[in-house]
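For reference, the structure is listed below as structure tokens.
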Amino acid sequence: MMLYTRSYVTLPKENVAEIRIVLANRSATLYHMQKYQECLVDIKRALDLGYPKDLIYKLYERQARCYMALKDYPHTIEAFKKCITAMDDSTLTSDKRSKLSLDAMTMIKMLQHDPRTAKQEAKQQKRKVALDVAQPMPLENEFVSPLVRIDQNRQEGRFARASADVKAGEELLVERPFVSVLLEKFAKTHCENCFVRTVVPVACPHCADVIYCSEQCRHEASKKYHKYECGIVPIIWRSGASINNHIALRIFASKPLDYFLKLKPTIDEELKPEELISLPKDDFRRVAQLERHQGERQPSNFFQHVLMARFLTRCLQASGYFGSEPKPDEVKAICSLVLRSLQFIQFNTHEVAELHKFSSTKREKSIFIGGAIYPTLALFNHSCDPGVVRYFRGTTIHINSVRPIEAGLPINENYGPIYTQDERSDRQARLKELYWFECTCDACIDNWPRFEDLPRDVIRFRCDAPNNCAAVIEVPPSCNDFMVKCVTCGEITNILKGLKVMQDTEMMTRTAKRLYETGEYSKALAKFIDLIRIMYDVLAPPFPDFCESQQHLKDCFLNLGNVYTLD
């Protein structure tokens, strides 16, 4: 199957006779692999290209067998009838034709008398869903929760804040990318347009560099950006340019030259957070005004970006972006905007991930498959103890809370370094190198230990005094006193409730883990959300049991997104 795919992707569009044979043969491999729906897609593609009349009966018979395996009896009957008619043009001997015709007629009569056929016909009249057409990843509705407010101040810049109390597990943001680019490594396994892993890809008619999951995705990509990238993608890959550089190129390939020329004079007019968010989703200003750290750039860094901006502009020029006679002023204007793009992309790109599950070892690993810019999410600040998790469906990003967040507090995500895995010095060095800032989150200020170094001989209770004391009371598990005095406020806290919570959560944790291990992720998710809520009321992180539940909660969300299971 993979070899037929490679052949199909590589064949020039003029070789129609070969393409339709390859697609038909690939459909045969898919049938033997019991991938019946994918088989139907390839059969239709071969038929649409005008499959030879003397062989077309084979496709209709295979089509009928697929529909029958999928228990779609009305379409099975229709395909068998087409098979019988098509045999008139075949070169089959009379004996073989008679046998095949008899088999088809027998199946037709049997299915016509099956009561399920009439019921299916009635349903199909109401709900017409074609099984033989490749369906792209459905577009999800974008969503910004009313619990999220974007604020701005001198110290933190623009950042997300909770406008009301946020519960654990709340969906706070669903956002499609302003621009996204697939890594070269996945260019022959995933759709270039929506990042969906595809078994029966459709090829670009003009190049063998990318694939698509459906004709619809191919059309969208060609109409938007691939018309300028077609043929030059290998040049970008071979040049050593990073995915960030490719993202910059795609921003401009996705919109016409005139759009950027008209927008350029207003590009430096600073917009308030609410104005920025209210702009149309595809407005370049939504990303052009993201953080660039322009005043902190060293000459060597600036030179590298200028050089890459010139290279990418030349790529656009070679692809016909500026027309047959490029005007120097227009080329210079676009080059300056490409430079600006490279600078904000450096600090605002998110890795698009796919969860790889190894069934033999039960191991799971999140794999970086591409990069994208999400204009709203880019306004969220970093914390080494993030309040949210992100996961992907195709290229759409979902942001959910992983602990309660009080109204008025920041809603922070994570840029990579996280306290449970990395020492503070390593986190600070990495953030300074990649994002040019010093982190002042609680985990950094108080130097929280990594998960493996968290003390197991103390329980961290919240002070429950009526004066809203925010202190943490550390008590050893062997403590026999239920009434403990807070050294900060002097009030007494009854830790019996907290000890009872510790007992109750043990059983809940076992149940949640069992649900996760059996693949019931939605049910496991609900259990872990309850665990987080119960523990957070009385216990203060960092605390081993709380960290474990939080990680399980994140894993549940990841399993709702892009997943690929390996043997």
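Quick check on my filter: what residues within the stretch 440-455 are exposed (fewer than 15 other Cβ atoms within 10 Å of the Cβ) and part of a helix (DSSP H, G or I)?
Scanning the stretch 440-455 gives Asp442, Ile445, Glu452, Asp453.
Among the helices (runs of 4 or more DSSP H) lying completely within the stretch 49-145, list those that include at least 2 residues that are among the small types (Gly, Ala, Ser) and over 30 Å from Pro205 (Cα atoms).
Passing ranges, in order: 94-112, 115-126.
Please specify each residue of the stretch 3-14 satisfying the condition of being open to solvent by 50 Å² or more (accessible area, probe 1.4 Å) and either out of contact with any helix residue (DSSP H, G or I) (no Cβ under 8 Å at 6 or more places or on another chain) or within 13 Å of Ala208 (Cβ to Cβ) (or both).
Of everything in the stretch 3-14, those that are open to solvent by 50 Å² or more (accessible area, probe 1.4 Å) and either out of contact with any helix residue (DSSP H, G or I) (no Cβ under 8 Å at 6 or more places or on another chain) or within 13 Å of Ala208 (Cβ to Cβ) (or both) turn out to be Leu3, Arg6, Thr10, Pro12, Lys13, Glu14.
Restricting the first residue to the stretch 369-381 and requiring it to be over 7 Å from Phe178 (Cα atoms) and in contact (Cβ under 8 Å) with a residue 12 or more places away in the chain, which pairs with a second residue that is of a type in the set (Gly, Ala, Ser) and open to solvent by 10 Å² or more (accessible area, probe 1.4 Å) meet a Cβ separation below 9 Å and a spacing of at least six or different chains?
Close Cβ pairs satisfying both conditions: Ile369/Ala353; Gly370/Ser180; Gly370/Ala353; Gly371/Ser180; Gly371/Ser242; Ala372/Ser180; Leu379/Gly157; Asn381/Gly157.
Just a yes or no: is a residue in the stretch 203-214 modelled with pLDDT under 95, touching a Pro at 6+ places or on another chain (Cβ under 8 Å) and of a type in the set (S, T, N, Q)?
yes
Scan the stretch 298-353 residue by residue and report those that are closer than 30 Å to Ile367 by Cα and among the aliphatic types (A, V, I, L, M).
Listed by number, the residues that qualify are Met308, Ala309, Leu312, Val338, Leu339, Leu342, Ile345, Val352, Ala353.
Yes or no: the stretch 503-515 includes at least one residue that is over 30 Å from Leu558 (Cβ atoms) and not polar (S, T, N, Q).
Looking for residues that are over 30 Å from Leu558 (Cβ atoms) and not polar (S, T, N, Q), one finds none in the stretch 503-515, hence no.
Could you grab me the full set of residues in the stretch 255-275 that are open to solvent by less than 30 Å² (accessible area, probe 1.4 Å) and either touching an Asp or Glu at 6+ places or on another chain (Cβ under 7 Å) or in contact (Cβ under 8 Å) with a residue 60 or more places away in the chain (or both)?
Leu257, Phe260, Ile267, Pro273
Determine the pairs where a residue that is over 10 Å from Ile247 (Cα atoms), located within the stretch 333-347, has a partner that is open to solvent by 20 Å² or more (accessible area, probe 1.4 Å) and acidic (Asp, Glu) with Cβ atoms under 9 Å apart, the partner being 6 or more residues away or on another chain.
Phe344/Glu291; Phe347/Glu291
So which residues in the stretch 223-239 are closer than 16 Å to Val9 by Cα and outside any loop (DSSP other than H, G, I, E, B), if there are any at all?
Residues satisfying the conditions are His226, Val233, Pro234.
Scanning the stretch 421-439 for residues that are in a helix (DSSP H, G or I) and charged (D, E, K, R), which turns out surrounded by the most Cβ atoms within 10 Å (Cβ to Cβ)?
Selected residue: Arg427.
If a residue must be out of contact with any Lys or Arg (no Cβ under 6 Å at 6 or more places or on another chain) and farther than 23 Å from Asn412 by Cβ, how many such residues does the stretch 356-392 contain?
Residues that pass the stated criteria total 11.
Pairs only if they're at least six apart or on different chains, beta carbon under 7 angstrom, first in the stretch 207-221 and more than 13 Å from Gln135 (Cβ to Cβ), second open to solvent by 70 Å² or more (accessible area, probe 1.4 Å) and outside any helix (DSSP H, G or I); list them, first residue then second.
Every condition considered, the pairs that remain are Ile211/Lys188.
When you check Ile334 against the structure, is it surrounded by 19 or more Cβ atoms within 10 Å (Cβ to Cβ) and under 16 Å from Tyr259 (Cβ atoms), yes or no?
Yes; evaluated as a whole, the condition is true for this residue.
Give the stretch 19-38 a look and list any residue that's in contact (Cβ under 8 Å) with a residue 40 or more places away in the chain and either open to solvent by less than 60 Å² (accessible area, probe 1.4 Å) or touching a Leu at 6+ places or on another chain (Cβ under 9 Å) (or both), or say none.
Residues satisfying the conditions are Arg26, Leu30, Gln37, Glu38.
Pairs under 9 Å by beta carbon, first residue outside any helix (DSSP H, G or I) in the stretch 543-556, partner at pLDDT below 95 and surrounded by 24 or more Cβ atoms within 10 Å (Cβ to Cβ), six or more apart or different chains?
From residues that are outside any helix (DSSP H, G or I), the pairs are Phe543/Met535.
The values are calculated or read from the model by the stated rules, or taken from the named source; none is laboratory data. None of the values given here were measured: they were computed from a predicted structure. Every residue, glycine among them, receives a Cβ derived from its backbone with ideal geometry; neighbour counts consider all protein chains shown. Note: areas computed on protein heavy atoms with side chains; ligands, DNA, RNA excluded. Shrake-Rupley method; radii C 1.70, N 1.55, O 1.52, S 1.80 Å.
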